[in-house]
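Working notes for the structure below.
The values are calculated or read from the model by the stated rules, or taken from the named source; none is laboratory data. Here the structure is a predicted model, which means the values were calculated and not measured. As a convention, Cβ positions derive from the backbone with ideal geometry for all residues, glycine included, and neighbour counts pool all protein chains shown. These area figures cover heavy atoms from the full protein model, side chains too; ligands, DNA and RNA do not enter into them. Shrake-Rupley method; radii C 1.70, N 1.55, O 1.52, S 1.80 Å.
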Amino acid sequence: MSTATTTAPRARATGTYVTYAVLALLAVVYVMPFLIQVATSFKTEADAAANPLSLVPSTATAEAYRTLFSDSPLPTWFANSVIVTLVVTTGRVLFCSMAGYALARVPFRGRALAFAVLVAIMAVPNVVLLIPKFLVINQLAIYDSYAGLIIPLLADASAVFIMKGFFESIPASVEEAARIDGAGTFRIFWSVVLPMARPAVMTVIILSFQASWNELNHFIVASQDPGLFTLTKGVAQLASGALSQGTQYPLKLAAALLMTLPVALVFFVFQKRIVNTTTGAVKE
């Protein structure tokens, strides 16, 4: 056996080990802030200030969580976030799926222009639209209401783009067969095409849930009633020192952790169902 023959496998093995070592290091760097967040939420105020990067509290305590649940409107913030997020996610899946199907399959005058406008909207920073959003919400008399929090978020250009791309990947013969059986456009969309678009729907659900749960700028311009505060707005208020003096590191990070958990849970539950394929849909 030649030297080159034995050297090649060793070089590949060494390269694999180096790759895994680098990936492990990057994973540690990426996860470290989250671990610090969890550890600090169980520290005392003095311990958090003296040892901010320590992963083991000197004296573990759940005082920050007790304060959040008993001395702050956290339950109200959480309830508002749940209501807004569930309604917005459901609305986006429905409306963006319908819009995506119309752009992909329904012929109408101006379809290309509508898609061009959609792509252009995706290039506009959301912060630029805050003042127009406020003017529209105020003009419609839905300021300081759930309608003002929810309605402007029910449609999203990127979700429409995702659904359109997936619908275009579905063979047209599937719809033709349903049309021959007498199904109309909406029936084909609802009963035939939409169930086949489950991977895209799951993607939109995750992205919409994450976006609406973590939304802040829109909620700032849509209401000022403390009873309509969401978790993001409430945590931002805590970060400004709303409950007490001092750094409040345990309190702030405990609130941030509670805000993070639902998004992480939804992602881990649905991540395996995000598969961009239509394999087995039809034989051609």
Restricting attention to the stretch 58-69, which residues are hydroxyl-bearing (Ser, Thr, Tyr) and open to solvent by 70 Å² or more (accessible area, probe 1.4 Å)?
Ser58, Thr59
So, Ala197, is that one in contact (Cβ under 8 Å) with a residue 12 or more places away in the chain and closer than 25 Å to Asp225 by Cα or not?
no
Residue within the stretch 110-126 that is open to solvent by 80 Å² or more (accessible area, probe 1.4 Å), over 21 Å from Asn217 (Cα atoms) and basic (Lys, Arg) present
no
The one condition in (1) open to solvent by less than 50 Å² (accessible area, probe 1.4 Å); (2) assigned to a helix (DSSP H, G or I); (3) of a type outside the set (Asp, Glu) that Ile142 fails to fulfil:
(2)
Residue check: is Thr85 in a helix (DSSP H, G or I) and outside the structural domain of Val235 (by TED's automatic domain parsing)?
no
Has the stretch 169-180 got at least one residue that is under 26 Å from the mean Cα position of the chain (by Cα) and either in the same structural domain as Gly91 (by TED's automatic domain parsing) or modelled with pLDDT of 85 or more (or both)?
yes
Boolean, Ile121 is within 24 Å of Asn214 (Cα to Cα) and not assigned by TED's automatic domain parsing to the domain that holds Asp156:
no
Going by what's in this entry, would Ala183 be described as open to solvent by less than 50 Å² (accessible area, probe 1.4 Å) and in a loop (DSSP other than H, G, I, E, B)?
yes
Does Ala155 count as outside any helix (DSSP H, G or I), among the hydrophobic types (A, V, I, L, M, F, W, C) and open to solvent by 80 Å² or more (accessible area, probe 1.4 Å)?
no
What pairs come up if the first residue lies in the stretch 127-138 and is in the same structural domain as Asn217 (by TED's automatic domain parsing), the second is outside any helix (DSSP H, G or I), and their beta carbons are under 7 Å apart, counting only those six or more places apart or on different chains?
Ile137/Tyr143
Matching residues in the stretch 198-251 - criterion: being part of a loop (DSSP other than H, G, I, E, B), small (Gly, Ala, Ser) and either open to solvent by 60 Å² or more (accessible area, probe 1.4 Å) or modelled with pLDDT under 90 (or both):
Ser240, Gly241, Ala242, Ser244, Gly246
What do you reckon, is Val82 of a type in the set (A, V, I, L, M, F, W, C), open to solvent by less than 80 Å² (accessible area, probe 1.4 Å) and farther than 15 Å from Ala155 by Cβ?
yes
Go through the stretch 37-57 residue by residue and tally those that are surrounded by 20 or more Cβ atoms within 10 Å (Cβ to Cβ) and in a loop (DSSP other than H, G, I, E, B).
2
